[in-house]
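Comments concern the structure below.
Derivation of every value follows stated rules applied to the coordinates shown; laboratory data play no part. Note that the structure is predicted; figures quoted are calculated from it, not measured. Neighbour counts run over all protein chains shown; Cβ positions are idealised from the backbone, glycine included.
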């Protein structure tokens, strides 16, 4: 893996105004994404996890510039090695970036236009970006369909003729049409059935191996993230609270929130039930329009002390990883046992 | 199963949808039994008929769906009643009082223009002869029991004022307000975050210990099923393909579909492998149910000339029931006679 990141995000912030009253005056802001720093290495997968409302989707959308960030920088390395700040680019200047960074959406039913054939849907980005003659585009659509495991002849059919898993394959084919370098997959398999989900995950990992794609994989499902991601970032109320290589984060989390998330995942293995205990989270998911003072997680944290109520912990380096907790060194948190331990106790 | 223990018996239940393009056999001959106080998880992928099956119990299937046949017997303290073809009046009595249901999206089943409290009070007063003040007291008590903070105030809150997890708690409070003997929970945690999901599952377990009701949990998530289920039924295309104790089905599934389903799940702590064991193909469209065993086009063990011809029936294999021809070589398999039966299985059965 190259040391130069494909995309470096620095201090990325996205606030949505909260308006009220007859005149729609701004009375506050939802800090959906707040000062996030992240790197995505070429050909690697960054997993982004967190509960609903933590800002993970907004962050993904900022990266493809479906949202304009409020502040911060998004430094993208072009294939020729030059670095551009995508956060400030104008719509016109974004076109080459849009060809290289694509998105796969969660819902394969609403993200495909029902009135267009697969040829039109998959060919559209190529037409927009002037890929080639109509014949060349048709040829490439056929290749792409085969690549994602569908038949060439399907190109003339409409989305309604396909199942959810097949539609998601169409969405992937469309994302791949311009040979992107980074794909943002926002809950790309969450709406699919378990058996089909595995097929799509395998497909995405094969594509990465073949063409060195970078992935930002946004999901609430920690099992999937563990399977696909090289590095995982955990978000809470718009901020990254912990970031580490996948194995380390899952075996030995440093942030109490990560610990609680991991312990809440239901495990289908009856043997695992015995040696895992759920960490209780106090209260409900916090409201991003109303972030608590101090550590934003303190009202739900079982380890919270006075210091946590007063000071917001910065995201800092601890043992080569990054964590935002005052007591990261002192807490001995539990992760998920690896396969070795599992076999012994089962 | 001792006769006095039985709560619900479903026999050969069929629910069909008469569509313009043909008839969809959403529930195609389901047999299930539930004991008092037990939790039965019904698992399967979308389109397997698990929700329609559960809704059929209370006649909550909307046209063009229709219950075509079978029996659903509910054993009440004063004797068994038959629900298929039952009179509306009997069904009204049974709903809430004996069997209550919670759904995936609480907002769809709560009234938006009434307070949480008034909806619970209405349900209680419809079924029990209590005064308004008494019913309100019950509502507050139930809200408190499901872990809603400040129940005296929340009783007058409207559903939109609550978070997703709180709404689902309120829905459970309402469902349990008449002390049903069976709670049917259809994907109750699917719309919730993992942490909230864990809280709701724990709540269901606690309430069950306390109130002694049985729970039928419909879910696509085997992990969720593993957390709460005593027994488990795996459904595929309208039929039960494996049915047994949750521990058995999860740790040693016998039906190829159940095995494949468990293998295809990425789960925590598994060695990171490059590929997941996916099931090939996808669930066939509902009009085109394959002949014979409906799983055979996707099954790695399918035997040509047999699995695509003969429809397997649920038969006992090592203490649980499996609908697969692989285990039906003999005309009538003896107890514990299946080829890869282990001694422990026999003890459990």
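Structure above, values below:
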item: Stokes-Einstein D for region A:26-167, Kirkwood Rh over Cα pairs, 4 °C, 1.567 mPa s (µm²/s); result: 73
item: Chain B, relative contact order in percent, only Cα pairs under 8 angstrom and at least six apart counted; result: 18
item: Rounded to 10°, Cα long-axis angle of helix B:116-127 versus longest principal axis of chain B; result: 80
item: Mean-position separation - Cα centroids, region B:166-197 and region A:64-131, in angstrom; result: 41
item: Relative counts (whole %) of C-alpha pair distances in region A:75-230, using bins that are 10 Å wide; result: 10, 39, 35, 14, 1
item: Semi-axes of the equivalent ellipsoid for chain B, Cα gyration tensor, largest first, Å; result: 37, 22, 20
item: Projected-area mean, chain A, by convex hull of Cα positions, square nanometres; result: 20.4
item: Helix B:88-97 vs. chain B, principal-axis angle (Cα, 0 to 90°, nearest 10); result: 80
item: Footprinting exposure proxy for A:91, B:45 (fewest neighbouring C-beta atoms within 10 Å first); result: A:91, B:45
item: FRET efficiency, 1/(1 + (r/R0)^6) with R0 22 Å, evaluated for residue A:66 and residue A:120 via beta carbons; result: 0.55
item: Distance in nm between pseudo-label sites at residue A:27 and residue A:316 (7 Å out along the Cβ direction from Cα); result: 3.8
item: Pairwise FRET efficiency - residue B:144 versus residue B:12, Cβ, R0 = 30 Å, nearest 0.05; result: 0.10
item: C-alpha long axis of helix B:132-145 to longest principal axis of chain B, angle in °; result: 50
item: Listed residues B:53, B:213, B:107, most fluctuating in chain B (Gaussian network, C-alpha, under 10 Å); result: B:107
item: Top of A:20, A:195, A:163 by mean-square fluctuation, Gaussian network on chain A, Cα under 10 Å; result: A:20
item: Part-to-part distance (alpha-carbon centres) for region B:4-65 and region A:145-185, which is given in Å; result: 34
item: Paramagnetic reach from residue A:85 (point 7 Å along Cα→Cβ, amide N under 19 Å) across region A:33-74; result: A:34-40, A:62-74
item: Percent antiparallel among DSSP beta bridges (both partners in the protein assembly as shown, rounded to 5); result: 65
item: Chain A: most fluctuating residue of A:223, A:130, A:149 per GNM, C-alpha cutoff 10 Å; result: A:130
item: Value of relative contact order over chain A, rounded to a whole percent, pairs C-alpha under 8 Å and six or more apart; result: 19
item: Rounded D (µm²/s) - region B:100-182, Kirkwood Rh over Cα pairs, Stokes-Einstein at 20 °C, 1.002 mPa s; result: 173
item: Residue exposure sequence - B:195, B:311 - by fewest surrounding Cβ within 10 Å; result: B:311, B:195
item: Helix-only [θ]222 nm of the protein assembly as shown, DSSP H runs n ≥ 4, -39500 (n - 2.57) each, per residue, nearest 500; result: -9000 deg cm²/dmol
item: Estimated FRET transfer efficiency when R0 is 45 angstrom, pair residue A:107-residue B:5 (beta carbons, to 0.05); result: 0.55
item: Distance between region B:216-276 and region A:201-265 - C-alpha centres, whole angstrom; result: 24
item: Residue A:331 paired with residue A:307, simple spin-label distance in nm, labels 7 Å along Cα-to-beta-carbon; result: 1.3
item: At q = 0.05, 0.07 Å⁻¹, base-10 log of I(q)/I(0) for the protein assembly as shown (Debye sum, equal scatterers on each alpha carbon); result: -0.26, -0.53
item: Averaged over B:280-286, number of beta-carbon atoms from partner chains that fall within 10 Å; result: 4
item: Burial ordering of A:162, A:297, fewest other beta-carbon atoms within 10 Å first; result: A:162, A:297
item: Peptide B:225-233, shielding by other chains (average Cβ, 10 Å cutoff); result: 2
